[in-house]
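All remarks here apply to the structure that follows.
Coordinate-derived values only; no laboratory data. Since the model is a prediction, treat every value here as computed from it, not as a measurement. Here the Cβ positions follow ideal geometry from the backbone for every residue, glycine too, while neighbour counts run over all protein chains shown.
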Amino acid sequence: METRDDVEEFAALLRRLKGRTDRSYGSLARRLNMNTSTLHRYCAGEAVPQDFAPVERLAAFCSATPEERLELHRLWLLAVAARQRVRAAASAGSPPAAAEETREAQETGEPEPAPATEPTPAPASTSASTSSPAPAPAPRPWYRRRRVLASTGVACALLATLGSLSALSTDRSSDAAADPHSSAGPRTTAPTAPHGSSKTKPSASSSPSAAGHGSSSPGANKAPASSAPGTGPTAAGKPATGLPLTWHADSQVWQGGCGHDYVIDKTPAQVPPPPVQQDAGSWAATQGAVHGRQTMVQISVQGRSSTAVVLEALRVRIVSRGNPASGSAYAMDQGCGGELTPRSFTVNLDADRPIARPKDGADSEHTIPAVHFPYRVSAEDPEVLLVDATTLAHDARWYLELDWSSQGRSGTVRIDDHGRPFRTSSIKGLPRYWYGTNGSGERQWVPYGD
């Protein structure tokens, strides 16, 4: 009972650390370079890693404190000792018990226990060998039979492959003899990569309808590749076609869910009360509002199938920069804030060559590691990227480019605002208002700070 308690206490701490990441077993296992079933067995208390390295990677990814890492190492030592006691007790068991131990080692990535050495019988005397027949040979152990069967299967596969190559060579020789005008050199086939799969970089002067291929809304312009069906090879062996991922971009994201500025060329009496963040898109469209000083873009990226798509890089493209937009700045917040700072990519739109730089997030107790490229996504493992772009001096129009690769193909998708560039304008020197209470107790737009 004590043995089981040691293993369960170690597994319980692993589960608590995993719970902080809000990730599935499959997603977390890929980040830790571990098999999904192996991680699940560790967290369920069904297995204990023989090496502390995978446990240390899990602790680092989950931002465990130094005290938690010490406790994790202590519990791991107790759990390993407990499992060793169980194996020692089962070492004298039947062959099925040994088979179960081997199966567990294969699933958890631990080395398979060496089979017990068979005792070598003592040589019989000459008189005994002449007087009695030799005993029948003992049947081979199960693990030797398995290796013999595996070797036989490999040999058969090699023979079949050689036979196919021989037949193919004979067919080509006969074709060459039948067609005297055919070339004697090796034949080349058409490239397997589909049209447009190479990385493309749309210029700033290209029209938004031709360059945008996002899936941010039903009215968004999409490239033909985005509407293509799945990305896996067909039954006839044809190469994969179409864009292997889909994305959705939302630029109406506020700091902490409540902090944001819009530049509107209207007087305060003409501007309606501020909306909640969920209604910001329609409210800003009706007011002709421009993002003031900051634009936060939340990008949801997901593969179209279980095949992994590697996100290679995220680039910023400036379309134009000019003088700040005219009007007044209207603040959506009242000094709100929160304890959670999401991880993001920060962009300085005033720089000569803006770069999306990864930035760690944080909650009240832990650091949330930033996203670093390359990064893998699939249909079962989507990812949300947050871009925080700011300007203090310009009215900037810009968009993003996301490079991807999958199954030997690569490409680039343009991420923009429904087929148009994102737009962010400085609020420096502009009148700024927030929705507060005037001297008569009425709610209206008042100068910021009053």
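What to note about this one:
- A Förster radius of 30 Å combined with the Cβ-Cβ distance from Q84 to I355 puts the calculated FRET efficiency at roughly 0.05.
- Mean Cβ count within 10 Å, highest first, over the residues of peptides 80-88, 400-408: 400-408, 80-88
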